[in-house]
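To start, the structure under review is shown below, and the notes come after it.
The values are calculated or read from the model by the stated rules, or taken from the named source; none is laboratory data. Remember, predicted model here, so these are calculated numbers, not experimental data. Here Cβ is always computed from backbone atoms with ideal geometry, including for glycine, and neighbour counts include all displayed protein chains. Only protein heavy atoms, including side chains, enter the accessible area calculation; ligands, DNA and RNA are left aside. Shrake-Rupley method; radii C 1.70, N 1.55, O 1.52, S 1.80 Å.
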Amino acid sequence: MANEVTVVDVDRPDRKARRANGKSDPVDAHASATAVLSGRANGWPKTRNGIVEAIRSLRVVRRSAIKARTQTFNQSAAPSSSPSPQK
């Protein structure tokens, strides 16, 4: 049995209001809850599909490939730790 939960995307508060009330997680949580209950925050959360998600996935794969290439290069360029054979 699944319960339905409504998710609302809340923008961060403007800087002036945040500075006036302080910068802390409890204060931000209270401001977010107040915005949702008052109806000021009525945004929908982003979906994980479409062109933006496809581009994000490609960037993750590219970043991983670059990291692997760099590690391979660093290993091949590093001097080996085994002693050279003597004649």
Please enumerate the residues belonging to the stretch 8-24 that are open to solvent by 50 Å² or more (accessible area, probe 1.4 Å) and either of a type in the set (Gly, Ala, Ser) or at pLDDT 80 or above (or both). 8, 9, 20
All but one of (1) modelled with pLDDT of 80 or more; (2) in a loop (DSSP other than H, G, I, E, B) hold for residue 3; state the number of the condition that does not hold. (1)
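Please work out if residue 50 is over 22 Å from the mean Cα position of the chain (by Cα), free of Cβ contacts under 8 Å to residues at least 24 places away in the same chain and at positive phi. Give the derivation first.
On the way: over 22 Å from the mean Cα position of the chain (by Cα): no; free of Cβ contacts under 8 Å to residues at least 24 places away in the same chain: yes; at positive phi: yes.
No, not satisfied.
Being in contact with a strand residue (DSSP E or B) (Cβ under 8 Å, 6 or more places away or on another chain) and among the β-branched types (Val, Ile, Thr) narrows it down to one residue among 10, 36; which is it? Quick ask: steps written out before the conclusion?
Working: 36 fails: in contact with a strand residue (DSSP E or B) (Cβ under 8 Å, 6 or more places away or on another chain).
From the options 10, 36, the qualifying one is 10.
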